[in-house]
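A short write-up of the structure that comes next.
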Amino acid sequence: MTVKKRLSSGEAQDRIILAAARAFRAHGTGTTVEQIAAEANYSTSALYKHFANRDAILEALGERAHGKMFALFCEEPPGEMNFEQHLRWLVHRIMEFALADSDFYLAVLSAAPAIRASGDPRRFAREQQHLNFFKGLMEQGIADGAMCPQFSPLQLALAFRSMLDSVGAMWVQSPDADLKKMATDALDLLLYGAVKRS
């Protein structure tokens, strides 16, 4: 007879958060507790032993997903890099994360507009942490002469974040597309523009 291992509270929460990421990817912001429970292979009453409600599950998912992304931002690049090399390395790392952990990546991507519009202080603080990182990067780009100083670091950071959002959205529409090439092409467009050169 096979004895089913009882999960600790932390393991059960991890399982529910992973299930929420899959459900969120499949159903978007309208994801229900029943859909999360089905993904986790739990009953809804079992979910409520670990999370008070749907919002608490989605908050835990958002915290986990954004934490994974911010840890990636804080990685030190290998060796000396100028601004453009650093930016390309970072985009490459983000796309590696997206490919390796697509449920979490797409959960962040699909939640982003709602987080930005919600006014929830905790969610907004996480969003600002990411934006502030991008602003610091763009300040370095301006100082290095790689980015146009007529735009503020915030404007450039927003353009960079929009580029990442757009690549993710295109990937959702074409999941078999080469994500790294899509990201490289979009970054080229951001850095060099679409003006035809003679």
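What number of residues in the range 31-42 are surrounded by 15 or more Cβ atoms within 10 Å (Cβ to Cβ) and of a type in the set (Asp, Glu)?
1
Can you tell me which condition GLN155 does not meet? The list is (1) in a helix (DSSP H, G or I); (2) polar (S, T, N, Q); (3) more than 21 Å from the chain's Cα centre (by Cα), and all the others hold.
Every condition holds for GLN155 apart from (3).
Out of all the residues in the range 19-50, which are under 26 Å from ALA100 (Cβ atoms) and of a type in the set (Phe, Trp, Tyr)?
PHE24, TYR42
For every residue, the table says whether it meets (1) closer than 27 Å to ALA157 by Cβ; (2) charged (D, E, K, R).
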residue	(1), (2)
THR32	no, no
GLN35	no, no
ASN41	no, no
THR44	no, no
ASN53	no, no
GLY62	yes, no
ALA71	yes, no
GLU76	yes, yes
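What is the residue count in the range 164-195 for residues that are touching a residue at least 24 places away in the same chain (Cβ under 8 Å), over 14 Å from ILE94 (Cβ atoms) and within 18 Å of the chain's Cα centre (by Cα)?
2
Scanning the range 168-183 for residues that are assigned to a helix (DSSP H, G or I) and modelled with pLDDT under 90, which turns out most open to solvent (accessible area, probe 1.4 Å)?
Let us first name the residues in the range 168-183 that are assigned to a helix (DSSP H, G or I), namely 168-173, 179-183.
This time we only want the ones that are modelled with pLDDT under 90, so: 168-173.
Details: GLY168: 0, ALA169: 50, MET170: 95, TRP171: 22, VAL172: 79, GLN173: 149 Å².
Once the filter is applied, the top-ranked residue is GLN173.
Just wondering, is there one or more residues in the range 43-50 that are open to solvent by less than 60 Å² (accessible area, probe 1.4 Å), closer than 28 Å to LEU137 by Cα and out of contact with any Asp or Glu (no Cβ under 7 Å at 6 or more places or on another chain)?
Taking every residue of the range 43-50 in turn, none turns out to be open to solvent by less than 60 Å² (accessible area, probe 1.4 Å), closer than 28 Å to LEU137 by Cα and out of contact with any Asp or Glu (no Cβ under 7 Å at 6 or more places or on another chain).
Among the residues of the range 130-156, how many are aromatic (Phe, Trp, Tyr) and either within 21 Å of ALA71 (Cβ to Cβ) or in contact (Cβ under 8 Å) with a residue 40 or more places away in the chain (or both)? Full working, then the answer.
Step one: list which residues in the range 130-156 are aromatic (Phe, Trp, Tyr), which gives 133-134, 151.
Cutting the leftovers down to either within 21 Å of ALA71 (Cβ to Cβ) or in contact (Cβ under 8 Å) with a residue 40 or more places away in the chain (or both) gives us 133-134.
Counting residues in the range 130-156 that are aromatic (Phe, Trp, Tyr) and either within 21 Å of ALA71 (Cβ to Cβ) or in contact (Cβ under 8 Å) with a residue 40 or more places away in the chain (or both) gives 2.
I need the full set of residues from the range 51-60 which are part of a loop (DSSP other than H, G, I, E, B) and open to solvent by less than 30 Å² (accessible area, probe 1.4 Å), in order please.
Step one: filter the range 51-60 for residues part of a loop (DSSP other than H, G, I, E, B), giving 51-53.
The one that is part of a loop (DSSP other than H, G, I, E, B) and open to solvent by less than 30 Å² (accessible area, probe 1.4 Å): PHE51.
Being assigned to a helix (DSSP H, G or I), touching a Phe, Trp or Tyr at 6+ places or on another chain (Cβ under 8 Å), at pLDDT below 90 and open to solvent by less than 40 Å² (accessible area, probe 1.4 Å) is the filter here, so list the residues in the range 61-96 that pass it.
Across the range 61-96, the qualifying residues are LEU61, ALA65, MET69, LEU72, PHE73.
The values are calculated or read from the model by the stated rules, or taken from the named source; none is laboratory data. Since we're looking at a predicted model, the values are computed, not measured. Neighbour counts run over all protein chains shown; Cβ positions are idealised from the backbone, glycine included. Please note that ligands, DNA and RNA were not included when accessible areas were found on the heavy atoms of the full protein model with its side chains. Shrake-Rupley method; radii C 1.70, N 1.55, O 1.52, S 1.80 Å.
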